[in-house]
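Participant: What follows is a structure written as structure tokens; I'll ask about it next.
The values are calculated or read from the model by the stated rules, or taken from the named source; none is laboratory data. Small disclaimer: the values here were computed from a predicted structure and weren't measured. Note that we place each Cβ from the backbone using ideal geometry, even for glycine, and neighbour counts take in every protein chain shown. The protein model used for the area step is the full one, side chains on, heavy atoms only, and it has no ligands, DNA or RNA in it. Shrake-Rupley method; radii C 1.70, N 1.55, O 1.52, S 1.80 Å.
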Amino acid sequence: MKLGMNIKKLREAKGYSQEIVAEKLGVSRQAVSKWENNISEPSTENLLNLSVLFNVEIDSLINGEKDDLVETLTEEKTVKMYYHNEIRTKTISYIILLIYFPLNVYFYNSGAYGEVFIELDFLGKMFFKDLLYDIPFIIIMVGLLIKFIKDIKNPDKTITLITKKDKTIGYLCFLIISLILIFINFKAPEFSSIAMFLGMFGLVFIVLFRAISELTKKELAIDG
């Protein structure tokens, strides 16, 4: 396979040890060694990081000839690349979202999202008194907890590039959720209140994630 050979050739041409590459990418030295020996392959995030670190295109990194790849190391880099700690970003977002949860329930019960057609019986009463009404909240809380635990255990997300593609996907998701809520509000007003309650979690998380990633982003420096 060319990928492992190309990673090793580029690393040596840069004068980097496996430890240095591992440190810059936020992975273990053993992971870099496995990539170079084709025992395992880097994740999509790490492929992006490698391409920036070595100043080559991803397609060239995977399929290019090693001699051609080394020549690209002398090219001038014109675009600044930024990265953020995705685990930290998601951790902060999840914590704020969990704090926001009871506030959202309060908004729902107070009628801030429109006429309440489905009684929640959540605040001011025993949580499991009316279990049928509480099931959606239990599912949300458990889902957030499982996702949170899964994300913080993923070492590949300690350094993640901030790309235009990711930003575009985030904005599109925000727009799609908003349009769905507007559609429900006009076409099925009897469900608009519960739709707003559920939809606000997605909207708030997207805003939090994008804001925190931008506020904590750092430029990915490529040392010669």
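Participant: Report the residue count in segment 132-168 for those that are surrounded by 12 or more Cβ atoms within 10 Å (Cβ to Cβ), among the hydroxyl-bearing types (Ser, Thr, Tyr) and modelled with pLDDT of 75 or more.
Facilitator: Result for segment 132-168: 3.
Participant: Regarding LEU181, is this residue open to solvent by 30 Å² or more (accessible area, probe 1.4 Å) and either among the basic types (Lys, Arg) or in a helix (DSSP H, G or I) (or both)?
Facilitator: Working: open to solvent by 30 Å² or more (accessible area, probe 1.4 Å): no; either among the basic types (Lys, Arg) or in a helix (DSSP H, G or I) (or both): yes.
Criteria not met by LEU181.
Participant: Please enumerate the residues belonging to segment 54-104 that are at pLDDT 70 or above and over 26 Å from the mean Cα position of the chain (by Cα).
Facilitator: Hit for segment 54-104 is ASN63, nothing else.
Participant: GLU115 passes all but one of (1) at pLDDT 80 or above; (2) open to solvent by 30 Å² or more (accessible area, probe 1.4 Å); (3) touching a helix residue (DSSP H, G or I) at 6+ places or on another chain (Cβ under 7 Å); which number fails?
Facilitator: It fails just one condition, (1).
Participant: On to the next question. Name the single residue, out of those in segment 48-61 being part of a helix (DSSP H, G or I) and among the β-branched types (Val, Ile, Thr), that is most open to solvent (accessible area, probe 1.4 Å). So that I can check it myself, show each step before the final result.
Facilitator: The initial filter retains those residues of segment 48-61 that are part of a helix (DSSP H, G or I), namely 48-54, 58-61.
If we keep only those that are among the β-branched types (Val, Ile, Thr) too, we end up with 52, 58.
On the way: VAL52: 8, ILE58: 49 Å².
This residue is ILE58.
Participant: Continuing with this model, one more query. I'm trying to understand the selection: among the residues of segment 1-33, which are open to solvent by 20 Å² or more (accessible area, probe 1.4 Å), in contact with a Pro (Cβ under 9 Å, 6 or more places away or on another chain) and outside any loop (DSSP other than H, G, I, E, B)?
Facilitator: Answer for segment 1-33, where residues must be open to solvent by 20 Å² or more (accessible area, probe 1.4 Å), in contact with a Pro (Cβ under 9 Å, 6 or more places away or on another chain) and outside any loop (DSSP other than H, G, I, E, B): just ALA31.
Participant: Hey, among the residues in segment 36-47 that are open to solvent by 50 Å² or more (accessible area, probe 1.4 Å) and under 19 Å from the mean Cα position of the chain (by Cα), which one's farthest from ILE159 (Cα to Cα)? Show your work before the answer.
Facilitator: From segment 36-47, those open to solvent by 50 Å² or more (accessible area, probe 1.4 Å) are 37-39, 41, 44-45; that's our starting set.
Keeping just the survivors that are under 19 Å from the mean Cα position of the chain (by Cα) gives 44-45.
Numbers: THR44: 12, GLU45: 8 Å.
Only one residue fits best here, namely THR44.
Participant: Hey, another quick one. If you check GLU45 against the conditions, is it in contact (Cβ under 8 Å) with a residue 24 or more places away in the chain and not in a helix (DSSP H, G or I)? Give the steps one after another, and end with the answer.
Facilitator: On the way: in contact (Cβ under 8 Å) with a residue 24 or more places away in the chain: yes; not in a helix (DSSP H, G or I): no.
In short, no.
Participant: Next question. Quick one: would you say PHE186 is open to solvent by 30 Å² or more (accessible area, probe 1.4 Å) and at pLDDT 95 or above? Break it down into steps so the answer makes sense when it comes.
Facilitator: Numbers: open to solvent by 30 Å² or more (accessible area, probe 1.4 Å): yes; at pLDDT 95 or above: no.
In short, no.
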